[in-house]
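I have placed the structure first, in the form of structure tokens, so that the comments after it can refer back to it.
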Amino acid sequence: MQPAPHVSVLLHESVGLLAPAPGRRFLDCTLGAGGHTAALLAAGAAVVGIDRDPRARDLARERLAGYADRLQVLAMTFADAAVQLAAEGETFDGVLADLGVSSMQIDDAGRGFSLRDTARADMRMGDGCPDDAIALIDRTRESDLADIIYRYGEERLSRRIASALKRARAAGVDSAAGLAEAIRGCVPGHQPRHPALRTFQALRIAVNDELGELETLLAQLPRLVATGGTAVVISFHSLEDRLVKTSFRAQRDRGLWAEIARKPVVPQDPETEANPRAHSAKLRWARRVA
């Protein structure tokens, strides 16, 4: 079965805030399959797109080949790119970051993001990750693994789950599906959602240093957004959203933003019905002084 095509979340809302037009230039920190960038390019703008995943970069280049004269693709993490571009004095009319794992990565059965994957639980989003999830579990003490699961997954049974993961690894289990079953086996009672979801989120965040990457990007955003420009960040869980909200508020209070979103923009019912993965998305924006 072919994986479902990637659907860009909050596309209309984010592009509307960025207001692309000929002569304007944007930074897409999470190029992915190029959905948001395609809309910016179609409006006549130029885009610098960043992605750490070589498969995503290849797909985006193929999809956007008709705009090659206005598209530059950078192969690095968005944190590294943000630091480098800011140091070089680069500014953009808008910066977009659509955070988290993409549906392409989840649907790629060889990467171990999905609870059903029978492949090794890799969970690396692309370049720059020294350890996959299995290596992380193996090298981390059980108590520290429990802390990771609690902190990044907000999982109250973190200690019990960390112990189950260590036992599973001692028995040679290395597939995503195998780890998910080990977690299910130590969580009592019926659960409305799979009991491994929060743990998988925690492992993925730790493997890819997602919150550290986001903190670096947020610190650089005011330097990257030109006067009158807008930063747009789409997050998919409370840890990300809290970081974005706190950073935007602190930077506004320091005079770095003229205006920020009073509350997040969320998908409407037609979008979540068509794309269930959009249901947890929250968009926050910040605008520089005009």
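Things worth noting here:
- Qualifying helices (runs of 4 or more DSSP H) (wholly inside the stretch 11-71; at least 1 residues being within 15 Å of the chain's Cα centre (by Cα) and surrounded by 19 or more Cβ atoms within 10 Å (Cβ to Cβ)): 35-42, 54-63
- Against the conditions (1) at pLDDT 95 or above; (2) part of a loop (DSSP other than H, G, I, E, B); (3) not β-branched (Val, Ile, Thr), Pro267 satisfies every one except (1).
- Where Tyr152 falls short, out of the listed (1) surrounded by fewer than 21 Cβ atoms within 10 Å (Cβ to Cβ); (2) closer than 21 Å to Leu239 by Cβ: (1)
- Qualifying residue in the stretch 229-245 (condition: among the aromatic types (Phe, Trp, Tyr) and either out of contact with any Lys or Arg (no Cβ under 8 Å at 6 or more places or on another chain) or in a helix (DSSP H, G or I) (or both)): no
- Filtered residues of the stretch 166-184 (kept if within 18 Å of Tyr150 (Cα to Cα) and either part of a loop (DSSP other than H, G, I, E, B) or over 25 Å from the mean Cα position of the chain (by Cα) (or both)): Lys166, Ala182, Arg184
- Cβ-Cβ under 8 Å pairs, at least 6 apart or on other chains, the stretch 113-131 side outside any loop (DSSP other than H, G, I, E, B), far side of a type in the set (Gly, Ala, Ser) and surrounded by fewer than 21 Cβ atoms within 10 Å (Cβ to Cβ): Arg120/Ser175
- Condition met for Val207 (more than 22 Å from Val9 (Cα to Cα) and in a loop (DSSP other than H, G, I, E, B)): no
The values are calculated or read from the model by the stated rules, or taken from the named source; none is laboratory data. Here the structure is a predicted model, which is why all the values come from computation and not from measurement. Backbone-built Cβ (ideal geometry, glycine too); neighbour counts: all protein chains shown.
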